[in-house]
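**Q** What follows is a single structure, and I will ask about it in a moment.
Bear in mind that the values in this text are calculations on the coordinates, not laboratory data. Fair warning: this is a prediction, and the values are worked out from it, not measured in the lab. Please note: Cβ atoms are built from the backbone with ideal geometry, for glycine as well, and neighbour counts cover all protein chains shown.
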Amino acid sequence: MINKQLKLILVSTPIGYLGSGKGGGVELTIISLIKGLILLGHEIILIAPKGSKLPFESELVEIRLIDGIDQPSWQHQKKTDPVLIPSNSVLPKLWEAAIDVANQYDAVINFAYDWLPLWLTKTQETKIFHLISMGAESLIMKEIISEISQIFPSQLAFHTKSQSKDYSLKTDPIIVGNGFDKENYSFNEKENGPLGWAGRIAPEKGLEDAAKVARDLGEKLLVWGLIEDKEYASKIENTFSKEIIEWRGFLPTIKFQEELGQCRALINTPKWNEAYGNVIVEAMACGVPVIAYDLGGPGELIEEGFNGFLVKPNDIEELIKATKSISEIKRKNCRDWFEKKATNKVFAERVENWLYKGLNKKNSADF
Ligand code: HBI
């Protein structure tokens with residue numbers, strides 16, 4: 001049964017333009033989801049900060065660019081901080097543009113982890129759906145998400161169960177996972193390559209723990225990611241000798257997956273309630289097994305002994321032990337897991353399902 005085409009407004013994160021890397025995982029989520037939704041035949045207008053671009057064209061996608069000052073990231077603020085709206089802020093301008101056209105669309109999907117779009121849910125005719133992209137990194141966000149959960153529970157979705165546990169929700173959380181375009185990732189069966197680590201270079205990602213594993217095993221660690229916290233990065237450089245850390249930079253997906261695919265394992269060391277763990281799925285897509293702390297999203301993506309190993313958080317010895325037995329994992333299992341659970345097509349189908357339910361439309365018979 002073909003489902004009705006939806007006309008959707010997607011509003012991007014205000015902390016940096018799409019493609020800058022400043023939005024972290026949510027950038028990849030937006031790009032992958034748009035590709036998945038147009039595969040399903042839906043029509044999209046993406047409202048995003050000036051400079052944003054998509055790595056593809058489609059007559060089903062229009063982009064509306066909005067100029068303004070980036071929103072400070074909650075990761076650089078204290079949990080108890082108030083909401084800041086800088087002068088000439090891009091956030092209210094993004095939402096002004098969305099509200100202006102909302103009545104011509106079936107729904108809005110918000111990707112910003114910000115107070116304003118959550119609050120607007122109560123004021124708009126056109127339903128605003130929120131894909132919450134982080135654990136509870138701010139009190140005021142936790143409050144507004146819990147409030148919206150009381151009034152519009154079907155309009156909130158999370159990437160993983162563990163992420164949703166940070167919030168006091170009225171109903172069972174709607175979990176949509178995540179998903180990436182399998183055309184962008186090629187399976188690499190190479191067995192004994194180097195160790196890898198990927199993510200924003202920032203304290204909550206725990207790079208130092210993976211570096212300790214590489215140092216203990218006397219080998220280098222390839223590191224990909226945007227240097228978000230310079231002083232943290234130089235602290236790492238001063239702690240570990242040159243041969244241990246090989247900075248590979250923040251690469252476009254095609255280049256990143258080519259290098260990542262050479263690794264015999266990706267080590268994932270979150271120090272916070274990682275909402276999902278994009279890099280874990282990207283590694284899987286390339287056939288790279290993952291050793292991760294059993295914390296947040298990674299704990300729900302890794303099937304022990306099948307596509308990787310889970311380790312007690314902060315236990316370096318366990319990380320080292322698991323790294324030594326990574327050859328027990330069949331690399332093909334990782335790619336198979338990815339194709340079944342985390343391509344952008346299956347992700348878009350889960351999001352489509354979420355929207356139909358939230359719009360009280362089960363399938364075409366209900367229109
Ligand atoms: N902070 N204020 C704000 N808004 C966001 O959308 C946001 C953020 N910090 C981090 C972030 N988004 C993303 O990097 C993560 O949600 C993935």
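**Q** Beyond 14 Å, how much of the Cα-Cα pair distribution for segment 154-222 remains, as a whole percent?
**A** 74 percent
**Q** Here is a further query. May I ask you to derive the FRET efficiency for Lys357 and Glu191 from their Cβ-Cβ distance with R0 = 41 Å, giving the value to the nearest 0.05? Can you show the working numbers first?
**A** Details: r = 44 Å, r/R0 = 1.07.
That gives a FRET efficiency of 0.40.
**Q** Taking the simple approach of a point 7 Å from Cα along Cα-to-Cβ for both Glu219 and Ile140, what is their distance in nm?
**A** Distance between the two pseudo-spin positions: 4.7 nm.
**Q** By count of other Cβ within 10 Å, fewest leading, how are Leu355, Leu156 ordered? Write down the numbers at each step before the final one.
**A** Values: Leu355 22, Leu156 25.
Least to most surrounded, the residues fall as Leu355, Leu156.
**Q** Cβ neighbours within 10 Å, averaged per peptide: list 124-135, 270-281, 51-62 in order, most packed at the top.
**A** 270-281, 124-135, 51-62
**Q** Okay, next question. Step through the table entries Lys165/Lys340; Lys220/Lys312; Lys220/Lys321, compare each Cα-Cα distance with 21 Å, and write down the pairs that go over it.
**A** Lys165/Lys340; Lys220/Lys312, as the Cα separations exceed 21 Å there.
**Q** Considering just Cα atoms, how many Å³ per residue does the convex hull of segment 56-140 enclose?
**A** 125 Å³
**Q** Can you run the Rg to Rh ratio on the chain? Use alpha carbon positions and the Kirkwood inverse-distance Rh.
**A** With Rh from the inverse mean 1/r over Cα pairs, Rg/Rh is 0.96.
**Q** Relative contact order, percent, of segment 182-341 when contacts are C-alpha pairs under 8 Å separated by at least 6 residues?
**A** Value for segment 182-341: 25 percent.
**Q** Cut-off is 10 Å between beta-carbons; in what order do Glu204, Glu137 appear when sorted fewest neighbours first?
**A** Glu204, Glu137
**Q** P(r) of segment 182-341 in 10 Å steps, Cα pairs, percent per bin?
**A** Taking every Cα pair in segment 182-341, the percentages come to 12, 45, 37, 6, 0.
**Q** Compute and list, largest first, the equivalent-ellipsoid semi-axes of segment 1-100 from the alpha carbon gyration tensor, each √(5λ) rounded to a whole angstrom.
**A** Result for segment 1-100: semi-axes of 27, 14, 13 Å.
**Q** Still on this structure, I have one more. Once you compute Rg and the Kirkwood Rh from C-alpha atoms, what is the Rg to Rh ratio for segment 1-51?
**A** Value, to two decimals: 1.04.
**Q** Can you show me the helix-derived [θ] at 222 nm for the chain, built from DSSP H runs with n ≥ 4 at -39,500 (n - 2.57) apiece and divided by the number of residues, rounded to the nearest 500.
**A** -10000 deg cm²/dmol
**Q** Sorted from fewest to most neighbouring beta carbons within 10 Å, what does the list His42, His159 look like?
**A** His42, His159
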